[in-house]
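Everything on this sheet refers to the single structure shown next.
Values in this text are rule-based calculations from the coordinates and carry no lab data. Since the structure is predicted, the reported quantities are computational estimates derived from the model, not experimental observations. We place every Cβ from the backbone using ideal geometry, glycine too, and count neighbours over all the protein chains shown.
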There are 2 protein chains.
Amino acid sequence: MTTPKYKLYSFHPSGNCYKLRLVLSQLALPYELVVVDILDQESRTAAFLAMNPNGRVPLLQVNDRYLPESNAGLWYLAQGSNLIPSDSFERAQVLEWLFFEQYSHEPNIATVRYWVSILNAESDYADDIIEKRIKGYAALDVMETHLSSQPYFVGQRYSIADIALYGYTHVAHEGGFDLSPYPHITRWIRAIEAQPNYLTIKAEP
Amino acid sequence: MTTPKYKLYSFHPSGNCYKLRLVLSQLALPYELVVVDILDQESRTAAFLAMNPNGRVPLLQVNDRYLPESNAGLWYLAQGSNLIPSDSFERAQVLEWLFFEQYSHEPNIATVRYWVSILNAESDYADDIIEKRIKGYAALDVMETHLSSQPYFVGQRYSIADIALYGYTHVAHEGGFDLSPYPHITRWIRAIEAQPNYLTIKAEP
């Protein structure tokens, strides 16, 4: 089987895009990076919408096919690797945390970071930020409880569930979230940063 | 292999819970239904939070283990059935649409229906409803575009991607969404309702 040709359409500060850069690094998969400046509406051009009608990054290209949604990309790339458990219930638990991340975590923690540190528009979103900080801390509470009895999210070992949740958790302070009351999350962040082929969100691939 | 014992913690009007009742019906899997009245805070009791620290339904119990997140449940139950494609890229495309549903569709379309038809509190949420209707129609536009060239969401055949998106799309009118400008979605809804072992959201299991 020929190795697929991967291309990643990515906005560098995005945690969703970073998740895929991180898994590509950890799996040592070569790929071409295409920078998409979402602040300049580059994900809403006709050419981009023809590849992803939902107009979002990251977008993973595999040969001539396109796969939107960061967590679908994590799953696709990590199939058959040790970043996805082999047990079927544990695989479903990985998906559980990927859905938790996109529903309960990212819309709160990532969105506040975007307003505060990327748009530099904290005052424009003051009321929304109050509400989203409450919901973001609730998501962090769920993570802290879970990590209080186990090292990683699923099956006692590092998986794409950890990569997905790490993406925006480790930069949550850029949205004003204080992680100091979360010792288990803090320990888990350090454990991820010690994994082989780790790279930071700012690193060029 | 013994068949697992399934228990579903479910709030009947919820489309997320309905997705799992529908797939359980279509796969002819027996299960026990436990009614959880979220309007009476029954998903926030200490007993429920011990099963799902995120305090949400549906919650699928498989023997003595708990699996939160409706779309993780769809994946777990449908594994090995004809409701999930066997091709690895198509499997990732199923996940793509499951994440689209939870990120771009449900928070808009389901939430407006909840405010309007379940809480009967449309006037309390008037500003939020305006914003969420715009985003909900954008999600419907993405679906319509996709369905304009194919009968179902992935691989030319019915899958859990269709079940996930059908859950709240077919009751979108209860949140004031008008599906009449969406002929492809309307045709797709009819095709789902013609599937074997279909059951309506109001049907008791």
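Can we say A:ARG44 is more than 10 Å from chain B (Cβ to nearest Cβ) and either out of contact with any strand residue (DSSP E or B) (no Cβ under 7 Å at 6 or more places or on another chain) or part of a helix (DSSP H, G or I) (or both)? Reasoning before the result, please.
On the way: more than 10 Å from chain B (Cβ to nearest Cβ): yes; either out of contact with any strand residue (DSSP E or B) (no Cβ under 7 Å at 6 or more places or on another chain) or part of a helix (DSSP H, G or I) (or both): yes.
Here the answer is yes, as A:ARG44 does meet what is asked.
Scan the stretch A:47-58 residue by residue and report those that are touching a helix residue (DSSP H, G or I) at 6+ places or on another chain (Cβ under 6 Å), closer than 15 Å to A:LYS19 by Cβ and within 13 Å of chain B (Cβ to nearest Cβ).
Within the stretch A:47-58, the first condition is being touching a helix residue (DSSP H, G or I) at 6+ places or on another chain (Cβ under 6 Å), and the residues that meet it are A:53-55, A:57-58.
This time we only want the ones that are closer than 15 Å to A:LYS19 by Cβ, so: A:57-58.
Listed by number, the list holds a single entry, A:PRO58.
Taking into account only those residues within the stretch B:86-107 that are farther than 21 Å from A:PHE89 by Cβ and not acidic (Asp, Glu), which is farthest from the other protein chains (Cβ to nearest Cβ)?
Within the stretch B:86-107, the first condition is being farther than 21 Å from A:PHE89 by Cβ, and the residues that meet it are B:87, B:89-90, B:93, B:96-97, B:100-101, B:103-107.
Then keep just the ones that are not acidic (Asp, Glu); that gives B:89, B:93, B:97, B:100, B:103-105, B:107.
Numbers: B:PHE89: 6, B:GLN93: 7, B:TRP97: 8, B:PHE100: 6, B:TYR103: 5, B:SER104: 6, B:HIS105: 10, B:PRO107: 7 Å.
It comes out as B:HIS105.
Filter the stretch A:141-157 down to residues that are in contact with a Phe, Trp or Tyr (Cβ under 6 Å, 6 or more places away or on another chain) and either without any contact (Cβ under 8 Å) to a residue 24 or more places away in the chain or not in a helix (DSSP H, G or I) (or both) and give me whichever is surrounded by the fewest Cβ atoms within 10 Å (Cβ to Cβ). Before the answer, list the steps.
Taking the stretch A:141-157 and keeping what is in contact with a Phe, Trp or Tyr (Cβ under 6 Å, 6 or more places away or on another chain), we get A:144, A:147, A:152-153.
Those still in the list that are either without any contact (Cβ under 8 Å) to a residue 24 or more places away in the chain or not in a helix (DSSP H, G or I) (or both) too: A:152-153.
Values: A:TYR152: 18, A:PHE153: 27.
If we take residues in the stretch A:141-157 being in contact with a Phe, Trp or Tyr (Cβ under 6 Å, 6 or more places away or on another chain) and either without any contact (Cβ under 8 Å) to a residue 24 or more places away in the chain or not in a helix (DSSP H, G or I) (or both), then A:TYR152 is surrounded by the fewest Cβ atoms within 10 Å (Cβ to Cβ).
The conditions are (1) more than 8 Å from every other protein chain (Cβ to nearest Cβ); (2) part of a helix (DSSP H, G or I); (3) surrounded by fewer than 18 Cβ atoms within 10 Å (Cβ to Cβ), and B:ALA110 fails exactly one of them. Which is it?
Checking B:ALA110 against (1) more than 8 Å from every other protein chain (Cβ to nearest Cβ); (2) part of a helix (DSSP H, G or I); (3) surrounded by fewer than 18 Cβ atoms within 10 Å (Cβ to Cβ), the one that fails is (3).
Could you say which residue among A:ALA72, A:ALA138 is of a type in the set (A, V, I, L, M), facing chain B (nearest Cβ under 9 Å), in contact with a Leu (Cβ under 7 Å, 6 or more places away or on another chain) and assigned to a helix (DSSP H, G or I)?
Numbers: A:ALA138 fails: in contact with a Leu (Cβ under 7 Å, 6 or more places away or on another chain).
The match here is A:ALA72.
For the stretch B:135-144, indicate whether the set of residues that are under 21 Å from B:LEU83 (Cα atoms) and touching a strand residue (DSSP E or B) at 6+ places or on another chain (Cβ under 6 Å) is non-empty. Write out each step before concluding.
Residues of the stretch B:135-144 under 21 Å from B:LEU83 (Cα atoms): B:143.
Narrowing further to those that are touching a strand residue (DSSP E or B) at 6+ places or on another chain (Cβ under 6 Å): none.
Within the stretch B:135-144, not a single residue is under 21 Å from B:LEU83 (Cα atoms) and touching a strand residue (DSSP E or B) at 6+ places or on another chain (Cβ under 6 Å).
Output the residues belonging to the stretch B:117-128 that are aliphatic (A, V, I, L, M), under 16 Å from B:VAL171 (Cβ atoms) and part of a helix (DSSP H, G or I).
Within the stretch B:117-128, the subset aliphatic (A, V, I, L, M) is B:118-119, B:121, B:126.
Next, only the ones that are under 16 Å from B:VAL171 (Cβ atoms) stay: B:118-119.
Across the stretch B:117-128, the qualifying residue is only B:ILE118.
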